[in-house]
Amino acid sequence: MLLANLLLTANLVLPNKFFIEPKQQKFLQVAQVQLPKKSNMSKAALERLLTTEPVQADWFTSEFLAHVPISQIQQIISSLKQGLGDYQKVQEQGKNYIVVFARGYVPTQIAVDANGKITMLFFRPPVAQGKTLEEAIAEFKTLPGKVSFLVLEGKSERAALNANTPLAVGSAFKLAVLQILKSQITTGKRSWRDVVELQPIWKSLPSGTLQTWPAGSLLTLQTLSALMISQSDNTATDSLINIIGRQALESISPRNIPFLTTREFFILKSAKNQELLQRYRNSNLEEKRAILQSLTQQPLPDPSEFGGKPVALDIEWFFTAQELCSVMEQVADLPLMSINPGVANAEDWERVAFKGGSESGVLNLTTWLKAKNGKQYCVAATWNHDAPLEESRFFNLYASAIAGLK
């Protein structure tokens, strides 16, 4: 979940599901790694991993398993097979590999030690067989709950499903924060180089890392923005909301008034604050603002509270697919938008900008793409349901729709 521990990823995401190594990087975040010279041992280790069940602990180094449990590895492999069909083969691709499934493939990196034990394993975003937009819409319609989907080519609508229906979008709301900041920088009110001190009250729960930094740490607006988008850092996000002002965000998003910080989001959703949540729901705007102000004195809940069944999905950020593409258009030119390319295979495009968001029961992926022939696209999809979501199905369907655009 992007609003519990992915907010995932993506990087959502999302969605660290396809990136297994001891450092536990973000899901869908492309990492540069130094690989050893290819050997038959690496390919054999990968083939065994995908064809032999159950996965065995002695296939991995102890250092690897100290950070990534066997159960997580098995879950990832099962998710890949569920989304892409039966395993077919492993193909060499330069210094790396492609794992071919019945309905797509996964670029993969692997490293083994002298004994053939896996020391690093990296599944990049799956590349599903491309679907027509009509096929994609038909499959999106089969998902339980509420779904929106939009594909724009330039300003023209290529495909749409409930594209003007507001849905909860999780961390995708951070696109609006970036839009306001960019506007204030353009008018000269601020600069990317402005330095701020990290305030204790700005700290939130993961995802991200800034919540562990000491108060008073010096950060530029550029750094805060890059962390907010590429790692979906919640503390970076709340820092920027406090800097640019809640009112500025509400001016472009009147549906989301009061515009919540992620810290407020977590406190209101905490199981220990049910009475507070009901009071907030039943209050008028002035009373809601007073309640939010009082939350500065409330401690953050334990992160372990989040990740089960969907909770209070009315406490969220609501945008339509059309609105997300409009905001994305305003910020897609910023280099920081391409640090994490999300679901799209960046090598297939001249440029990719991405932001997603999720919590239990909420999932969004929004991608701006510039093709090598110069065409530009925006693809936004959101799924809300009052039960945990089948994320792999959604990711694979979305990736397949993007693949069909090339």
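What the table below lists for this structure:
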quantity	calculated
Apportionment of accessible area to carbon and sulfur, the chain, percent (1.4 Å)	48
Modelled FRET efficiency - R0 45 Å, Arg289 with Leu218, Cβ distances, 0.05 increments	0.90
Kirkwood Rh and Cα Rg combined as Rg over Rh, evaluated for region 31-189	1.09
Cα centroid separation - region 361-406 against region 95-174, whole Å	6
Orientation-averaged projected area, Cα convex hull of the chain (nm²)	20.0
Cβ charges +1 (Lys, Arg) and -1 (Asp, Glu), total dipole of the chain, debye	600
Aspartates and glutamates whose Cα lies under 20 Å from that of Lys203, excluding same-chain neighbours fewer than 8 positions away	Asp194, Asp233, Asp238, Glu264, Asp302, Glu305, Glu316, Glu359
Protection-proxy order for peptides 193-206, 287-300, 338-351, each taking the mean of Cβ atoms within 10 Å per residue, highest first	338-351, 193-206, 287-300
Within straight-line cross-link reach of Lys288, lysines at Cα separation under 20 Å, skipping those fewer than 8 residues along the same chain	Lys269, Lys272
Dipole of region 61-200, positive direction: furthest Cα of Thr132, Leu175, Gly94, with charges on the beta-carbon	Leu175
Environment charge at Gly307 (Cβ cut-off 13 Å; Lys +1, Arg +1, Asp -1, Glu -1)	-2
Peptides 102-115, 301-314 ordered by average Cβ neighbours within 10 Å, highest first	102-115, 301-314
Sum of -39500 (n - 2.57) over DSSP H runs of 4+, divided by residues of the chain (222 nm, nearest 500)	-9500 deg cm²/dmol
For region 243-319: span of alpha carbons on each principal axis (Å, largest first)	34, 26, 24
Contour excess over end-to-end distance, with Cα ends at Asp386 and Gln75 and 0.36 nm allotted per residue	109.7 nm
Within region 69-221: Cβ-based charge dipole about Cα centre, in debye rounded to nearest 20 (Lys, Arg +1; Asp, Glu -1)	280
Cβ crowding within 10 Å averaged over residues, with 246-257, 167-178 ranked highest first	167-178, 246-257
Equivalent ellipsoid, region 55-144 (semi-axes from 5 times Cα gyration tensor eigenvalues, Å)	30, 16, 10
Estimated FRET transfer efficiency when R0 is 60 angstrom, pair Asp86-Asn282 (beta carbons, to 0.05)	0.70
Accessible area expressed per residue, region 199-303, with surrounding protein chains retained (probe 1.4 Å, Å²)	44
Cα-centred dipole magnitude for region 210-279, charges only on beta-carbon of K, R (+1) and D, E (-1), debye, nearest 20	180
Gain upon complete extension [Thr165, Lys309; 0.36 nm per residue less C-alpha separation]	49.5 nm
At R0 = 56 Å, FRET efficiency that the Cβ-Cβ distance of Gln376 and Glu275 yields, to 0.05	0.70
Cut-off under 5 Å, modelled amide H: who pairs with Tyr97 long-range	Thr108
Cross-link pairs beyond the 30 Å C-alpha cut-off, checked among Lys43/Lys81; Lys95/Lys370; Lys141/Lys355; Lys117/Lys406; Lys131/Lys182; Lys189/Lys372	Lys117/Lys406; Lys131/Lys182; Lys189/Lys372
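The values are calculated or read from the model by the stated rules, or taken from the named source; none is laboratory data. Nothing here was measured: the structure is a model prediction, and the numbers come from that model. No Cβ is skipped: glycine too gets one built from the backbone with ideal geometry, and neighbour counts run over all protein chains shown. Just so you know, the surface numbers come from the protein's heavy atoms only, side chains and all, with ligands and any DNA or RNA stripped out. Shrake-Rupley method; radii C 1.70, N 1.55, O 1.52, S 1.80 Å.
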